[in-house]
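Q: For reference, the structure I am asking about is given below.
Taken together, the values in this text are just the output of simple stated rules run on the coordinates, not laboratory data. Given the structure is predicted, the values throughout are model-derived calculations rather than measurements. Here Cβ is always computed from backbone atoms with ideal geometry, including for glycine, and neighbour counts include all displayed protein chains.
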Amino acid sequence: MSFLSVRNLSVSLKGGPRILRDVSLDVSAGEVRGLVGESGAGKSMIGKAVLGTLPRALQIDRGKILLDGDDLLMLDPRERRRRIGANVALIPQDPLTALNPSRRIGRQITDRLVDILGWSRSDADARALVLLDEVHIPDAARVLRQYPHELSGGMRQRILIASAFAAEPKLIVADEPTTALDVTVQKQILRLIREMQERHGTALLFVTHDLGVVSKICQSLSVLYAGKVVEDTGIEAFFGGPTHPYSAALLAATPKYTDPEGSLMPVPVDVIAQVQAEVDAADAGWV
Amino acid sequence: MSEPKMSETPTMADVRGMVRRRIGPRLWLPGLWLTLLVIGAVFAPWIAPQDPLAQDLFTSRLPPFWMDGAEPGYLLGSDSLGRDVLSRMLYGARIALIVAVVAGTLTCLIGATLGLIAGFYRGWPDMIISRLIDIWMAFPPVLFAILLIAVIGTGLTSIIIAIVVIDWTRFARVVRAEAMTQGAMDYVASAQVAGRSRFSTMLTEILPNVLPTIVALLTLEMGIAVIVEAILSFVNLSISTDSPTWGGMISEGRISIHQAWWVLVFPLIALFLTVLSLSQLGEGLRDHFDPVLR
């Protein structure tokens, strides 16, 4: 049974257009699922819906978000927050704004362990040291006393990864965790996330627009277009030959080093038309 | 590996860094003036050379000590009723400081709290508070103050109430904007995901980042409070005439400016230096508190 199961989730702007259209996806325990799509396809919104941090302007029209078998949307807010806090964590996109600038690194990692999960301070402090070691930060004791601005972007992303794994969540939502980083750092961070994921056996919902990243880290993926899942498949099957023409076009659009000019091609117009027709068809039954 | 030490209390290295970091004239010059002022105000009954209320027509309009005709014991001269200017200034400093500290702090507490709630919670609390701010700011402040005093009567408490009622919007507006920016940051989302309540997030994540701004505004507000008190004294709406205030002295000195300019000029200088010191102190403190700037 899958740990996270999103069923027919529909989200729309209050009194406005639909953002997510009957999205269904599953993440099994220990599985890494990629979530790809163009900008504005709604991939981050799925992550936010799962984490309970959807912007105020959006509303969930229908659907279920089953976490370990219980529908989060049916729980009262306090219980929902508790469940999410205990089981799910976030690796945010931008390491520069994801750490509180006025507080020391150590406290930012240990605070939620102590305040919310009820750890003792000394346990939490020891845990932070172990975690920083796991994400290969040298001189961890000193870094824990520093402020975020004293560290580089790559270092901060490592800390955020360590922080996400701190409470041993069963699921981590990674919202484009490498997008804001330098390409050379990206590779290290990606390898690190994979290493941590394997060590802790955490399920990962990996939101990205980079198919190269997907091929390195994911076991399965969902392709999103205009808030609709157009393909849901295993990683070998996808890179072997995607079934949906839009996925095929996305794959074909990935630039290749061997042919930088010819390989950079946009998604063909007729494919867009077809996938848009599917979206419209899905909307036809929507009141 | 050494014992983990992650307390927020400064370590030795931090303390050394703080000492090495130049405090700068921006902090110590205003600090010096304000310290002198506080000492003068607190010990006024002991250091004041004369009774600030004692009138004596034989000693009226004495010039300050470096001019001809000055009398010992009247260092900064006397006014037309023969009252010692220095003594009156020292007692006036008491009123000025009480108003600055009490009115400043109360304004800060009320304004910053409302601003923080509006900026972080958004939704209907923000609607109500923001509309309130808009309505409030449409009133001309001095007129509003005079009106208010006319209704609730004069006196120290009235002045403080007037300042708080009029000026809370200054804090609310700035803090709201700042809280909104901070609220959009990813670390707030992370705290929410971790299961922190909204209220606790506001206090632990948002407040520390807004604090440097609040401190800067607070000292600025103290300066403004001193000025407002002086304005109200000037139009005779402050404390009763038998307790000396800087504004009252300026107002009285205005009449005899050609015969005894010192009655007007010395309180004016004190007022000017105090307000300037407070605003400079605010800037300096903000730089000092901000972990990114320092």
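Q: Got a sec? How would B:F120, B:F139, B:F58 order by Cβ neighbour count within 10 Å, fewest to most?
A: B:F58, B:F139, B:F120
Q: Given the protein assembly as shown, what percent of its DSSP beta bridges are antiparallel, to the nearest 5?
A: Roughly 55 percent of the DSSP beta bridges within the protein assembly as shown come out antiparallel.
Q: Now for a separate question. Would you kindly give the portion of the calculated P(r) for region A:138-240 that falls above 19 Å, as a percent of all Cα pairs? If you can, show how the numbers build up before the last one.
A: Working: 2597 of 5253 pairs.
Considering region A:138-240, 49 percent of its Cα-Cα pairs are separated by more than 19 Å.
Q: Please report the net charge: other residues with Cβ closer than 15 Å to the Cβ of B:C108, K and R +1, D and E -1.
A: Taking every other residue near B:C108 into account, the sum is +1.
Q: Taking every residue in A:90-97, how many Cβ atoms of other protein chains lie within 10 Å of its Cβ, on average?
A: On the way: counts 6, 1, 6, 1, 2, 1, 2, 7.
That works out to 3 on average.
Q: If you take the alpha carbon radius of gyration of chain A and divide it by 2.2 N^0.38 Å, what ratio comes out, to two decimals? Display every interim value, and only then the final one.
A: Numbers: Rg = 19.6 Å, N = 287, 2.2 N^0.38 = 18.9 Å.
Taking the Cα Rg and dividing by 2.2 N^0.38 Å, one obtains 1.04.
Q: Within a Cβ distance under 12 Å of B:Q55, other residues only, what is the Lys/Arg minus Asp/Glu net charge?
A: The answer is -3.
Q: Whole percent per 5 Å bin, from 0 to the bin with the longest distance: what is P(r) over all C-alpha pairs of region A:169-221?
A: 4, 19, 34, 28, 11, 2
Q: Name the residue farthest towards the positive end of the dipole of chain B from the options B:A93, B:V275, B:N236, assuming +1 on Cβ of Lys and Arg, -1 on Cβ of Asp and Glu, about the Cα centre.
A: Of the options given, the answer is B:V275.
Q: Roughly how crowded by other chains is peptide A:103-113, in terms of the mean Cβ count from those chains within 10 Å of each of its Cβ atoms?
A: That average works out to 4.
Q: I'd like the orientation of helix A:269-284 relative to chain A: the angle between its Cα long axis and the longest Cα principal axis, in ° from 0 to 90, rounded to 10.
A: Helix A:269-284 sits at roughly 80 degrees to that axis.
Q: Additional query: Taking chain B on its own, what percent of its Cα-Cα pair distances exceed 27 Å?
A: 53 percent
Q: For helix A:183-200, what angle does its Cα long axis make with the longest principal axis of chain A, in degrees from 0 to 90 and rounded to 10?
A: 80 degrees
Q: Based on the Kirkwood radius over alpha-carbon pairs, what is the Stokes-Einstein translational diffusion coefficient of the protein assembly as shown at 25 °C with 0.890 mPa s viscosity, in µm²/s?
A: Calculated translational D: 86 µm²/s.
Q: OK, next. Give, as a single signed number, the net charge of other residues whose beta carbon lies under 15 Å from the beta carbon of A:G30, with Lys and Arg counted +1 and Asp and Glu -1.
A: Working: positive: A:R33, A:K170, A:R194, A:R199; negative: A:D26, A:E31, A:D68, A:E168, A:E195, A:E198.
For residues surrounding A:G30, the net value is -2.
Q: For region A:227-287, what is Rg from Cα atoms divided by 2.2 N^0.38 Å, rounded to two decimals?
A: Rounded to two decimals, the normalised Rg is 1.33.
Q: Which of B:S60, B:F139, B:L114 sits farthest toward the positive end of the charge dipole of chain B, with +1 on the Cβ of Lys and Arg and -1 on the Cβ of Asp and Glu?
A: After comparing all options, I get B:L114.
Q: Continuing with this model, one more query. Expressed as a fraction of 2.2 N^0.38 Å, the rule-of-thumb size for a compact globular protein of N residues, what is the C-alpha radius of gyration of region A:27-97?
A: 1.18
Q: For a label point 7 angstrom out from the Cα of A:N8 toward its Cβ, which stretches of region A:20-42 have the backbone nitrogen within less than 17 Å?
A: Counting backbone N atoms under 17 Å from the label point, the list is A:20-26.
Q: Within a 10 angstrom radius of each residue's Cβ in B:191-203, how many Cβ atoms of other chains show up on average? Whole number is fine.
A: Values: counts 7, 7, 16, 18, 16, 6, 4, 1, 0, 3, 0, 0, 0.
Average neighbour count from other chains, rounded to a whole number: 6.
Q: Between A:S152 and B:R122, what's the calculated FRET efficiency when r is the beta-carbon distance and R0 is 25 Å? Round to 0.05.
A: On the way: r = 33 Å, r/R0 = 1.33.
About 0.15, to the nearest 0.05.
Q: Right, here's the next one. If the reach is capped at under 20 angstrom between alpha carbons, list the aspartates and glutamates near A:K228, excluding any in the same chain fewer than eight residues apart.
A: A:D22, A:D26, A:E38, A:D61, A:D175, A:E176, A:D210, A:D270, A:E278, A:D280, A:D283
Q: Which translational diffusion coefficient, to the nearest whole µm²/s, is obtained for region B:137-257 from the Stokes-Einstein equation, given a Kirkwood hydrodynamic radius over C-alpha pairs, 20 °C and 1.002 mPa s?
A: 127 µm²/s
Q: Right, something else. Quick one, what does Rg over Rh come out to for region A:23-146 if you take C-alpha atoms and the Kirkwood Rh? Display every interim value, and only then the final one.
A: Numbers: Rg = 17.1 Å, Rh = 17.1 Å.
Here the Rg-to-Rh quotient is 1.00.
Q: What order do you get for A:91-102, A:196-207 when each peptide is scored by the mean count of other beta carbon atoms within 10 Å, highest first? Intermediate values should be presented prior to the final figure.
A: Details: A:91-102: 22.3, A:196-207: 19.7.
Ranking, from highest mean packing down: A:91-102, A:196-207.
Q: Next question, about the same structure. Check every DSSP H run in chain B and write down those whose alpha carbon atoms cover 18 angstrom or more along the long axis and whose mean Kyte-Doolittle hydropathy is -0.5 or greater.
A: Once both thresholds are applied, what remains is B:25-42, B:85-98, B:104-121, B:123-137, B:156-183, B:207-234, B:262-289.
Q: So which of A:K14/A:K170; A:K170/A:K216; A:K43/A:K256; A:K43/A:K187 end up more than 29 Å apart by C-alpha?
A: Long pairs (Cα-Cα over 29 Å): A:K14/A:K170.
Q: Then there's this: If I histogram all Cα-Cα distances within region A:186-287 using bins 10 Å wide from 0, what percent of pairs lands in each bin?
A: Pairs per bin, as whole percents: 13, 38, 32, 13, 3.
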